[in-house]
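The next block holds one structure in the form of structure tokens; read it before the comments.
Please treat every number below as a calculation from the coordinates, not as lab data. This one's a predicted model, so the numbers in the text were calculated from it and none came from an experiment. Cβ sites come from the backbone with ideal geometry, for glycine too, and all protein chains shown count toward neighbours.
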Amino acid sequence: MATIAWLGSACHRRALPEIAVAAAAPPPPAGKAQGALEVVLRAGQGEVQLDPAGGPVARVWRFDGKLISGASDALATSTSYLGPTFRAKRGQRVRVQFQNDLAEPSIVHWHGLQVSEENDGHPRLAVGPGGVYRYDFTVENRPGTYWYHPHPDQRTGPQVYAGLAGAFVIVDPDDGARGLPAGPRDLSLIIQDRSLGSDGQLVYAPNQMMGFLGDRIFVNGRQTPDVTVDGGSYRLRVINGSNARIYKLAFNDNRRMTVIGSDGGLLGAPVRKPYVVLAPGERVELWADFGRSPAGKEVWLESRAFQAGGGMMMGMGGMGRMGGMGGMGGAPGLANGAPFRVCRFLVRGPGRTLPVPARFEPLSFRPDQEVVNRGRPRQIAVSMAMMRWQLNGGSFQMTEVADNERVKLGTTEDWEFQNLGGMMAMAHPLHLHGGQFQVLERQVAPAWQAVAGSLQEGLVDEGWKDTFLLLPGERVRLRMRFERYPGLFLYHCHNLEHEDAGMMRNFLIEA
Ligand code: C2O
Ligand code: CU
């Protein structure tokens, strides 16, 4: 294993050939009407009422945003612990001054955005208490639903849990014209789980094996809220901002789920699934018609029962209470895979039902001929050592890069992730920085077919992705082009407790 030099010194840039349509592309020149979006984003302490039953306010950590320049709707403040929602356009320059008013180091990662390494929030860039970090990038990704959260070494889980996260939506001004529900019918839903103590405070009792699992479900910072809608069509941008919880989303009236987008924006065409699986870090865009529910009625978005593996660990449900490992997720009774309700849509009055478009713009994925390791994918295995999950046979070291973690700028590769860790195997949401990829294929070992079968039909592998769920006993092949920026990027488990315990590695894009 080699260690690369700290960055910030010699960073070579070279002109890149133009590539056809991809997940992100060199941005169009900024139009006259498109000024820069400039924001001061401060992470600090706050207080929020979290318990709907009242009681003392909870101490949280939150991002507060101040719009310095940009359209008045470019930064929407949250009324709970979540950070402001950014609404940027493709090609727009974004400048963010991150101000760390926490008592510990932090740094912000723009999850899913293709940005240069100095804008990517790698833990080595974390700034200490009172520190400032300046981001300056241009939005290159396709319009879609992205998000941002802290990324300091070993402290991402607790910081996100304390409240530090927000949505980053790349808006497409043409969406209304192409028949998509827009304006008040375009809703973002950030789903998270939390546990509250009897004093109303957040309780963070993670488990290194399973991750943190809370016993209360929050949407946009409110516990199992009611969302008032009319009887029309809606676009629901759902973000799984949970530390470790996987959702198997369905409506309680058993309608099929109409998926129109995934991590990297709209799909080529809507797809229908019996339910939709959303792992930590993933996003999905749903088309929901509430017109079929008579006015005055309610529809529940719920998460259904499934198996996430970790069979042996799950079987040790009593262990936490006996003290050894800080509780099975800190909360009795809500394992990963337990069913529960997420939020309720209250249908109030008639609305306009729009026809679901038959297709959107076609996506052109990277062709076989372009893949430099076609038929010989880079193999990255999930393993465990000393009760800690690992990737590629190792744990995170700040700047360490293994020989098989070096790729060339301007190439396209296939990678195969393997989760064949025997009895203990569990589902891991894996995320790659540095761009969007395509999920090529999945293969589940026969012994794991029954477990995988409880989630398989709801996996959204369509479209451009930056996070995917690797099931126990499974191999997943991805195709990714290292297109724009050289430098040191991360790939890791987005179970944040796994990430913090070292289930994260660097990869180096060499110019
Ligand atoms: Cu959403 Cu590297 O993280
Ligand atoms: Cu993991």
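Run the numbers for residue 136 and residue 477: contour at 0.36 nm per residue of separation, minus the present Cα-Cα distance, in nm.
On the way: separation 341, 0.36 × 341 = 122.76 nm, distance 3.28 nm.
Full-extension gain reported as 119.5 nm.
Of the cross-linked pairs 66/248; 248/465; 297/465, which ones have a Cα-Cα span greater than 24 Å in the structure shown?
Pairs exceeding the cut-off: 66/248; 297/465.
Mind giving me the nanometre distance, one decimal, between the label points for residue 374 and residue 124, set 7 Å out from Cα along Cα→Cβ?
3.4
Please list, in order, the residues from the range 472-504 whose amide nitrogen is less than 14 Å from a point placed 7 Å along the Cα→Cβ vector of residue 400.
501-504, by backbone N distance to the label point.
From the phi of every residue in the range 88-99, what ³J(HN,Hα) in whole Hz does the Karplus formula 6.51 cos²θ - 1.76 cosθ + 1.60 yield, where θ is phi - 60° and glycine or proline is x?
Result, rounded to whole Hz: 10, 10, 4, x, 7, 7, 10, 10, 10, 9, 8, 10.
With a sphere of radius 10 Å drawn around the Cβ of residue 502, what net charge do the other residues whose Cβ falls strictly inside it have (Lys, Arg +1; Asp, Glu -1)? Can you show the working numbers first?
Numbers: positive: 388, 505; negative: 153, 499, 500.
Neighbour charge sum, excluding residue 502 itself: -1.
Return the long-range amide H neighbours of residue 494 (sequence gap of 5 or more, or a different chain), with a cut-off of under 5 Å between placed amide H atoms.
The answer is 430, 431.
Rounded to the nearest 0.05, what FRET efficiency is calculated for residue 297 and residue 45 with R0 set to 41 Å and r the Cβ-Cβ distance? Intermediate results must be reported in sequence, preceding the final value.
Values: r = 41 Å, r/R0 = 1.00.
Step by step, r from the Cβ atoms, then E = 0.50.
Amide H neighbours of residue 421 under 5 Å, counting only residues 5+ apart in sequence or on other chains, H built in-plane at 1.01 Å?
The answer is 473.
What is the distance, in nm, between label points placed 7 Å from the Cα along the Cα-to-Cβ direction at residue 71 and at residue 255?
That separation, rounded to one decimal, is 2.8 nm.
Estimate the FRET efficiency between residue 381 and residue 305 by the formula 1/(1 + (r/R0)^6), using the beta-carbon distance for r and 22 Å for R0, to the nearest 0.05.
On the way: r = 29 Å, r/R0 = 1.31.
It comes to 0.15.
In the chain, what percentage of the DSSP-assigned beta bridges are antiparallel, given to the nearest 5?
Details: 103 of 133 bridges.
Taking every DSSP beta bridge with both residues in the chain, the antiparallel ones total about 75 percent.
May I ask you to derive the relative contact order of the range 156-255, considering only C-alpha pairs under 8 Å and at least 6 residues apart, and to give it as an integer percent? Could you put the intermediate results ahead of the total?
Values: 116 pairs, mean separation 34.1, N = 100.
That works out to 34 percent.
Can you report the principal axis dimensions of the range 354-480 using only the alpha carbons, biggest first, rounded to whole angstrom?
Each principal axis gives a Cα extent; for the range 354-480 these are 53, 39, 27 Å.
Where in the range 253-274 does the label zone of residue 359 land, with the point 7 angstrom along Cα→C-beta and an amide N cut-off under 19 Å?
Output list for this probe position: 259-262, 265-272.
How long is the gain from residue 101 to residue 269 if the chain were fully straight, where each residue apart is worth 0.36 nm and the alpha carbon distance is subtracted? Numbers along the way, then the final one.
On the way: separation 168, 0.36 × 168 = 60.48 nm, distance 4.39 nm.
That pair, residue 101 and residue 269, stretches by 56.1 nm at full extension.
Quick one: which of 203-209, 157-163, 259-265 comes out on top by average Cβ neighbours within 10 Å, and what's the full order, highest first?
Working: 203-209: 19.1, 157-163: 23.3, 259-265: 26.0.
Highest-to-lowest ranking by the protection proxy: 259-265, 157-163, 203-209.
Where does the range 140-249 land on Rg/Rh, using Cα atoms and the Kirkwood Rh? Write out the running numbers ahead of the final one.
Numbers: Rg = 16.2 Å, Rh = 15.8 Å.
Expressed as Rg/Rh, it is 1.03.
Using the C-alpha gyration tensor of the range 470-511, what are the square roots of 5 times its eigenvalues, in whole angstrom, with the largest one first? Please report the intermediate quantities before stating the final value.
Details: eigenvalues 102, 51, 9 Å².
So the three semi-axes of the range 470-511 are 23, 16, 7 Å.
Three principal axis extents, largest first, for the C-alpha atoms of the chain, in Å?
On the principal axes, the chain reaches 61, 60, 50 Å in Cα extent.
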